[in-house]
Structures are given as C-alpha cells and as structure tokens.
Amino acid sequence: MNNQFTYNLPPFPIPNRDVIRVFSARIEEITRDRNTTFVTISYSDCIGCARPEDLVRLVVDSNTIIHDERGRNLRANELERGMIVDASFSSVMTRSIPPQAQAFLIRVVRRNVRNETTTGRIIEVNNRGNYIVTMNNFNPASAIRFNLSPETVISNSSGRRIPLSLLVPGIRVRVEHASFMTASIPPQTTAFAIQVLR
C-alpha cells in the first residue's frame, strides 16, 4: 500500500519505502546533467543545537513533484540557490559526501538567498580537483576549502573574468560562498564568486 503525503495539497503516492521529510531546508547548490537536476540542501532536525546542519544531494527528475509557495507546479530549472524548501526524499542514500537520495517532493516555502563572504590568502590551488584553500593571518584553524563549479565566477581586481589557472598561492581573495560548511578539516563549501584583491 502506498503512503500518502498531503502537504495542504492533493495527496500523491510515494514509493513503498521509508521517506525522510525535512522542513525549512535551504538550497545550497544546483547542478544539472542531461535530464536530471541535483539539488544540494542543508537542514537541521535539531533547532537551536550547536551541531552543523546536515547536507543531502537530492536527485530531481521527471518523477519529482515540485510546487511553489502557492502550490503551483514548477520545473526543476526554476529552482534557485538560496530558496527555502520543504522536501520529501528517500531514506535510501549513497555513502558519498554529501549523501545522495531520490527526491519525491520539493515545495518552495520562501525565496531567501543567504550567501556569505570570506576574505583570505590562497594557500593551495588544485586545478584538477577544481578547488582552492584560503587561510587568514597564517592561522591553520581559519583554513577553508572552496569547491568551484562551472558557474563559479573568478575575476581579477578590476572585475574582469580570469581562469582558475591565474590563481596562485599568496594571492589575497574575497570569496562569495554558500553559508553551509562541511564538518571536514578544513571545512568545505561551494564558491559562487572569487575576486582577487589588490
């Protein structure tokens, strides 16, 4: 027998397996590959706790139901980074970091972009892995790994776009990035924009 999920909308069937439901999650990253969209969300199931938020990468395909704030249907390409969503997804996940799961329902609650900015010196550039690591005041505890995507904008001090290959250790940069951080050492997050500072 199929489970039902109402959500103040007409119910729809969910596959006969365990389902995880999260509320007020934030879309941190969106990537697309052919007919599939991958939506990384951060959420907390322990409001007010000091522990970091959980991350999951949702597989969004033609079977995923997506609604806006008024209950109207949305397409996957209308989802945006920073949106606050409620989501229902499979409890069967990959062992990757972050874990990956099939999305059954995504409902936009509000559109609220929350990016953060960090300034520091580059201590490592990895062109093959598409990431940089920055540090402040030679303090190892301040190190952050910024993962780059094809959408990451890299610019020089004049605002002109430059390739990753022009970034080298020692350069001071300002990075606009997602508000979530992994619990790894150093912590990792997604860079949206990197600008070289004078």
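The values are calculated or read from the model by the stated rules, or taken from the named source; none is laboratory data. This one's a predicted model, so the numbers in the text were calculated from it and none came from an experiment. Note that we place each Cβ from the backbone using ideal geometry, even for glycine, and neighbour counts take in every protein chain shown. The area values use the complete protein model at the heavy-atom level, side chains included, leaving out ligands, DNA and RNA. Shrake-Rupley method; radii C 1.70, N 1.55, O 1.52, S 1.80 Å.
Below is a table of values for the structure above.
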{"read-out": "Unique match (being touching a strand residue (DSSP E or B) at 6+ places or on another chain (Cβ under 6 Å) and open to solvent by 40 Å² or more (accessible area, probe 1.4 Å)) among 95, 107, 34, 72", "value": "107"}
{"read-out": "Tabulated pairs, segment 126-143, first touching a residue at least 40 places away in the same chain (Cβ under 8 Å), second part of a strand (DSSP E or B) and open to solvent by 90 Å² or more (accessible area, probe 1.4 Å), C-beta under 8 angstrom, 6+ apart or interchain", "value": "134/121"}
{"read-out": "Test: residue in segment 175-190 that is touching a strand residue (DSSP E or B) at 6+ places or on another chain (Cβ under 7 Å) and over 26 Å from residue 44 (Cβ atoms)", "value": "no"}
{"read-out": "Among (1) at pLDDT below 85; (2) over 12 Å from the mean Cα position of the chain (by Cα), the one test that residue 86 misses", "value": "(1)"}
{"read-out": "All positions within segment 143-160 that are surrounded by 15 or more Cβ atoms within 10 Å (Cβ to Cβ), in a strand (DSSP E or B) and of a type outside the set (Phe, Trp, Tyr)", "value": "143, 144, 145, 147, 154, 155"}
{"read-out": "Residues of segment 161-177 satisfying the condition of being in a loop (DSSP other than H, G, I, E, B) and either exposed (fewer than 15 other Cβ atoms within 10 Å of the Cβ) or in contact (Cβ under 8 Å) with a residue 60 or more places away in the chain (or both)", "value": "163, 168, 169, 170"}
{"read-out": "Of all residues in segment 75-92 being among the aliphatic types (A, V, I, L, M) and in contact (Cβ under 8 Å) with a residue 60 or more places away in the chain, the one that is surrounded by the fewest Cβ atoms within 10 Å (Cβ to Cβ)", "value": "92"}
{"read-out": "Criterion violated by residue 137 - all others in (1) exposed (fewer than 13 other Cβ atoms within 10 Å of the Cβ); (2) under 30 Å from residue 21 (Cα atoms) satisfied", "value": "(2)"}
{"read-out": "When residues of segment 110-134 are limited to those that are at pLDDT below 95 and basic (Lys, Arg), the one most open to solvent (accessible area, probe 1.4 Å)", "value": "128"}
